[in-house]
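The values are calculated or read from the model by the stated rules, or taken from the named source; none is laboratory data. Just so it is clear, the structure is predicted and the values come from calculations on it, not from any experiment. When we count neighbours, we look across all protein chains shown, and the Cβ atoms used for this are built from the backbone with ideal geometry, even at glycine.
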Amino acid sequence: MRTLTAAAIAATTALILTASGTAYALGGDRPVTTRTAVAKHAADVQIDRTAPVITRDNILIHAQLHTIWKIQTDVEKWPTWQPHVEVVVKDTPGRLRPGSVFRWTTEGLDIASTVKQVEYGKRLAWGGPAQGITAVHVWTFTPTRDGILVHTEESWTGAPVVANQAALQVALDDSLHNWLSNLKHEAEDQAAQ
């Protein structure tokens, strides 16, 4: 685990405040859940801000942006570094782009995701249905002097969410925390090679 000095934390926090307009507390390797919105471009895909379940998380990764981006966007390789992702099949060949569809199975959910936005090295968004739950998942990648800040936010709507909001909130919080931790581990392992 990398320990940040008080000066590094202050500098990183100031940089993040400048880049996003939002204050984040960076604590070691654990991403911090926050309910404040990040700065956005008017055309950016957004989560459903009225959804009953919303999670926002971020993590600082010490690897090159292109390494992190490649790991995150090579969806067919997710099962090699995401223990809970069992299988991913791309319906649309080639690089992810708006309209690309991929189907995947994780923790008992069969998900059909459609890519909504791709801004290379900066922003990625997808969404779709999974057993009555409609998800919108947005990722942003912000270079800082100490590494790449990966921010993710996801919203869930639908009858199953309304019926079991508390349990599904915990499930989504845990899922995004684990995803970010696994992404950090994989990217930093690749960077060390």
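Some points to look at:
- Residues in region 62-77 that are over 23 Å from Val136 (Cβ atoms) and in contact with an Asp or Glu (Cβ under 8 Å, 6 or more places away or on another chain): 2 in all.
- Enumeration of residues in region 74-111 that are among the hydrophobic types (A, V, I, L, M, F, W, C), assigned to a strand (DSSP E or B) and surrounded by 13 or more Cβ atoms within 10 Å (Cβ to Cβ): Val85, Val88, Val101, Phe102, Trp104, Leu109, Ile111
- All positions within region 76-101 that are under 22 Å from His177 (Cα atoms) and touching a strand residue (DSSP E or B) at 6+ places or on another chain (Cβ under 9 Å): Glu76, Lys77, Trp78, Pro79, Gln82, His84, Val85, Glu86, Val87, Val88
- Residue within region 51-72 that is modelled with pLDDT of 95 or more, closer than 26 Å to Gly132 by Cα and more than 16 Å from the chain's Cα centre (by Cα) present: yes
- Restricting region 145-187 to residues that are hydroxyl-bearing (Ser, Thr, Tyr) and buried (at least 16 other Cβ atoms within 10 Å of the Cβ) leaves a set whose member that is nearest to the chain's Cα centre (by Cα) is Thr152.
- Subset of region 138-193 [more than 14 Å from Trp81 (Cα to Cα), assigned to a helix (DSSP H, G or I) and among the charged types (D, E, K, R)]: Asp173, Asp174
- Candidates Ala37, Ala42, filtered to the one that is within 26 Å of Val162 (Cβ to Cβ), surrounded by fewer than 19 Cβ atoms within 10 Å (Cβ to Cβ) and modelled with pLDDT under 95: Ala37
- Inter-residue pairs, beta-carbon under 8 Å, first over 12 Å from Glu76 (Cβ atoms) and in region 88-99, second at pLDDT 95 or above and of a type outside the set (Val, Ile, Thr), 6+ apart: Pro98/Lys116; Pro98/Gln117
- Exclusive hit being under 29 Å from His62 (Cβ atoms), in contact with an Asp or Glu (Cβ under 9 Å, 6 or more places away or on another chain) and at pLDDT below 95, set Thr106, Thr152: Thr106
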